[in-house]
Structures are given as structure tokens and as C-alpha cells.
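What follows is a short report on a single structure.
The values are calculated or read from the model by the stated rules, or taken from the named source; none is laboratory data. Predicted model only: the values in this text are computed from it and were never measured. Reconstructed Cβ throughout: ideal geometry from the backbone, glycine too, with neighbour counts over all protein chains shown. For accessibility, only protein heavy atoms count, side chains too; no ligands or nucleic acids. Shrake-Rupley method; radii C 1.70, N 1.55, O 1.52, S 1.80 Å.
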Amino acid sequence: MPATEKDLAEDAPWKKIQQNTFTRWINEHLKCVNKRIADLQLDLGDGLRLIALLEVLSHKKMYRKYHPRPTFRQMKLENVSVALEFLDKENIKLVSIGLTC
């Protein structure tokens, strides 16, 4: 059965459910370091909470230094790169992550 435009829409009900579930899962892990997120895109965008989540889940620290107070876009992108590099070095594969068209 082909996907309808309603199923692929940005505000499709299943997307909201997935987003809320993932946000709650992240917050459950981040509470031990007194952090939380409300919006996945905004709150993970500077890389800091993403780094914190990876450190909590892996029980390891980042291999490289990152910007603790990123003010510029470049600093935020570098933080996200540090997190992705950590995943690569730990041989952690990202699955079921992609864009829907």
C-alpha cells in the first residue's frame, strides 16, 4: 500500500508519537546528569546534550575536547562532529535514521 501524503506529512500522528517517545527516553537517561530536552532539533543542535547522552549511555568521556558554551554555529557543528566521531570510534552504527521523502 503506497504511503499517503497524510502519512508523510511533518505533523503525521505516528511522527509525533515517535518524537515524544524518543524525547522521554533521552530525558530518562539525561536526568542522572541534571539535563533534559524539550525539542529534539533545538536541544540537540548545539551538540552538548547529545554529548552528555552519549557519555551517560557509554559510561565514557569524549575522546576530543568540545565547546562547553558554543555561541557560534561553527562551534555547535564541531560539537556534533565530536559526538559523531565518538560513535564512529566506538564502532556504534546508526540504524533506522534517515530522511523520508
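Some points to look at:
- When the chain is treated as a GNM with alpha-carbon contacts under 10 Å, the residue of ASP88, ASP39, ASP11 showing the greatest mean-square fluctuation is ASP11.
- Computed from Cα atoms, the angle from the helix 48-58 axis to the main principal axis of the chain rounds to 80 degrees.
- For the options ALA83, ALA38, ALA12, a Gaussian network treatment of the chain with springs between C-alpha atoms closer than 10 Å singles out ALA12 as fluctuating the most.
- Take every pair of alpha-carbon atoms less than 8 Å apart whose residues are at least six positions apart; their mean separation over the length of the chain yields a relative contact order of 21 percent.
- On Cα atoms only, tilt of 13-30 relative to the major axis of the chain in degrees: 20
- Gaussian network model of the chain, springs between alpha carbon atoms under 10 Å - residue of ASN20, ASN34, ASN79 with greatest fluctuation: ASN34
- Sorting 43-55, 64-76 by their mean Cβ neighbour count within 10 Å, with the most densely packed peptide first, gives 43-55, 64-76.
- The residues of the chain present an accessible area of 80 Å² per residue when probed at 1.4 Å with all protein chains retained.
- Taking the longest Cα principal axis of the chain as reference, the axis of helix 73-89 is set at about 90 degrees.
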